[in-house]
């Protein structure tokens, strides 16, 4: 669909950028729905290798992800937008504080989905009023491949860790998209500026990158602590350290972050009680306290049991015997997922004989076979 008569493409592009920045977006670019051929091939290879793990929703209607026209047949242009959420401190520093939890930078403030979607809708209304057409907005909630679309729109490029990298903002951009029936002038795609650097690959604690530009999500700490609903596989538990929600290692180590700026949106800034929170405090959260602490936070979506599971893995890695009391108490938790993690955590903090003695009563009464398997794994 053509833009309204008497509306020049250049003026529309300039006005769109001005409106976007006034709404709090830090970058804007325009591409089309026909740019995902290479990304689509990589995505199908990813699925075929089973590297999406339990994220079955990724394999549902994959054709909608690889061709936006299968998601909405009338789309002619895609406006990609980014919001900078650059941190005000080094995200890797907390990893040295073993009795405190490391929460991914993106989840330390309010949930970006709600914030960005409201702004996308406002900008979309401006676009309709100015140029006509129809629109749909998306922010990580539909079958949209935001990162390759953002690269095609000139916002950044997908680095060797498969995340988006921006020259002015480094690793720290939330993305949103406006699909429209309008034929808008497209921006040039951004080139890959990774060069020979592979710092992001080298730092990964679980070797989740089988090759540059390829991710095996099943080994990724973000997947293991967020998407994985069951017990965390034993082979990854020590490598997780004190990361209790997500992992920023491959993002934080990128050299392009030397140009990054602190985010300007206060609602996305880290809450003080989510900056390196004490593990013993988090281990005591019941469901109501968990919901209260993480209101409006992305962390809330994984639920209390999965979160406390993660906290217990961190407790087991803390080397702080004083935290054994928290793991011992959680041997009697209502959730088998929590009880199983508590078994492992306690076994890491106590000598075998003391562990067997202090845990014997819980072992005798444990009805859940999965948890009993944890006991057998510890040799108790």
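Ranked highest first by the average count of other Cβ atoms within 10 Å around their residues, in what order do 58-64, 147-153 fall?
Details: 58-64: 14.0, 147-153: 25.0.
With the highest mean Cβ count within 10 Å placed first, the list reads 147-153, 58-64.
If r is the Cβ-Cβ distance from residue 121 to residue 21 and R0 is 22 Å, what FRET efficiency results, to the nearest 0.05?
Taking R0 as 22 Å, the efficiency between residue 121 and residue 21 is 0.85.
What's the angle, to the nearest 10 degrees (0 to 90), between helix 369-378's Cα axis and the longest principal axis of the chain?
With rounding to tens, the tilt is 70 degrees.
Cα axis of helix 352-365 to longest principal axis of the chain: angle in degrees, 0 to 90, nearest 10?
Tilt of helix 352-365: around 80 degrees.
How long are the three semi-axes of the equivalent ellipsoid of the range 1-153, in whole Å, if each is the root of 5 times an eigenvalue of the C-alpha gyration tensor, listed from largest down? If you can, show how the numbers build up before the last one.
Working: eigenvalues 194, 113, 31 Å².
Semi-axis lengths for the range 1-153 are 31, 24, 12 Å.
Within 10 Å, count the other beta carbons around each residue, average over each peptide in 19-31, 337-349, 321-333, 255-267, and list them highest first.
Details: 19-31: 20.0, 337-349: 25.2, 321-333: 18.4, 255-267: 14.8.
In descending order of packing, they fall as 337-349, 19-31, 321-333, 255-267.
Quick check of the Kirkwood formula: for the chain, what is the inverse mean of 1/r over all pairs of different Cα atoms, in Å? Intermediate values should be presented prior to the final figure.
On the way: mean 1/r = 0.0448 Å⁻¹.
So the Kirkwood estimate lands at 22.3 Å.
Measure nothing fancy, just the Cα-based angle from helix 112-131's long axis to the longest principal axis of the chain, in degrees from 0 to 90, nearest 10.
The angle comes out at about 10 degrees.
Rounded if a/c is under 1.5, else prolate if a/b beats b/c, else oblate: with a ≥ b ≥ c from the C-alpha gyration tensor eigenvalues square-rooted, which is the range 278-380?
Details: a/c = 2.37, a/b = 1.62, b/c = 1.46.
Prolate shape, in that a/c is at least 1.5 and a/b is the bigger ratio.
Computed from the coordinates by the stated procedures, all read-outs in this text should not be read as laboratory data. All values reported here derive from a predicted model rather than from experimental measurement. Quick reminder, even Gly has a Cβ in these numbers, built from the backbone with ideal geometry, and neighbours come from all protein chains shown.
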